[in-house]
Amino acid sequence: MSAEGENQLDKELLYQSMGGDRQAFLGFTRRHQAAVLRFCRTLSASAEDAEDVLQETFLTAWRKAGTFEGRGSARSWLFTIARRKVYRAARASQAIAAGAVESLEELGVAAGWGGSGSGERFGLDEQLEVRRAFNSLSPADRQILILRDLEGLSNAEAATVLGVELPALKSRLHRARLRLMSRLAEGDRDER
């Protein structure tokens, strides 16, 4: 099904939910709960906190189904709700603070640009190393990578979810990708 068809289906399910159709909302929840849970896990302090936020996110979506205007995708709407719930649960954005700001040149060198690496590190055997590198990133870096590279949101949708302007999103995404590559390159240097 096309993205337009997916969004239309979500609109219909939410419209039916407004009328009290629990089965329609259950269908909507099934369509998005895995993605929202992955996102919550990147922001939450624990798996239990992530599951609590997931439940609160869908309760809010049930109550506010009529507020979904359909300008963006329902998935990005849910990510926005989830992000707000995580921040409220954390009671302070300090727990989800972005890492230090390195220069692009420093990040590029740390990521191995201009080096002699083969660039072919992402095979099946390296999954644990990629996971370790990803988990070592700040929650801010992980959330932007999840939204764009795993969940496939557009730059505009991810910017809306994160509450930033499009140029800021692009800069943060670029830095997050460089930090991930840097962490992967550190693993390579450690193995030598």
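The values are calculated or read from the model by the stated rules, or taken from the named source; none is laboratory data. Just so it is clear, the model here is predicted, and its values are computed rather than measured. Neighbour counts are summed over all protein chains in view; Cβ atoms, including those assigned to glycine, are modelled from backbone coordinates with ideal geometry.
Which condition number does Leu184 fail, the rest of (1) modelled with pLDDT of 85 or more; (2) buried (at least 20 other Cβ atoms within 10 Å of the Cβ) being met?
Evaluating Leu184 over (1) modelled with pLDDT of 85 or more; (2) buried (at least 20 other Cβ atoms within 10 Å of the Cβ) leaves (1) as the failure.
Which condition from (1) modelled with pLDDT under 75; (2) loosely packed, with under 14 Cβ neighbours inside 10 Å; (3) assigned to a helix (DSSP H, G or I); (4) not acidic (Asp, Glu) is the one that Arg131 breaks?
All conditions pass for Arg131, except number (1).
Can you find even one residue in region 7-18 that is surrounded by 13 or more Cβ atoms within 10 Å (Cβ to Cβ) and within 21 Å of Leu137 (Cβ to Cβ)?
The answer is no, given that none of the residues of region 7-18 is surrounded by 13 or more Cβ atoms within 10 Å (Cβ to Cβ) and within 21 Å of Leu137 (Cβ to Cβ).
Looking for whichever is assigned to a helix (DSSP H, G or I), modelled with pLDDT of 80 or more, β-branched (Val, Ile, Thr) and touching a Gly at 6+ places or on another chain (Cβ under 9 Å) here; the options are Thr80, Thr57. Which one fits?
Every option except Thr80 fails the conditions.
Step by step: first the residues of region 1-47, then only those that are small (Gly, Ala, Ser), within 16 Å of the chain's Cα centre (by Cα) and in a helix (DSSP H, G or I), then the one that is nearest to Ala89 (Cα to Cα). Which residue is that?
Ala47
For region 25-52, which residues satisfy the criterion of being modelled with pLDDT under 90 and of a type in the set (Val, Ile, Thr)?
Within region 25-52, just Thr42 meets the criteria.
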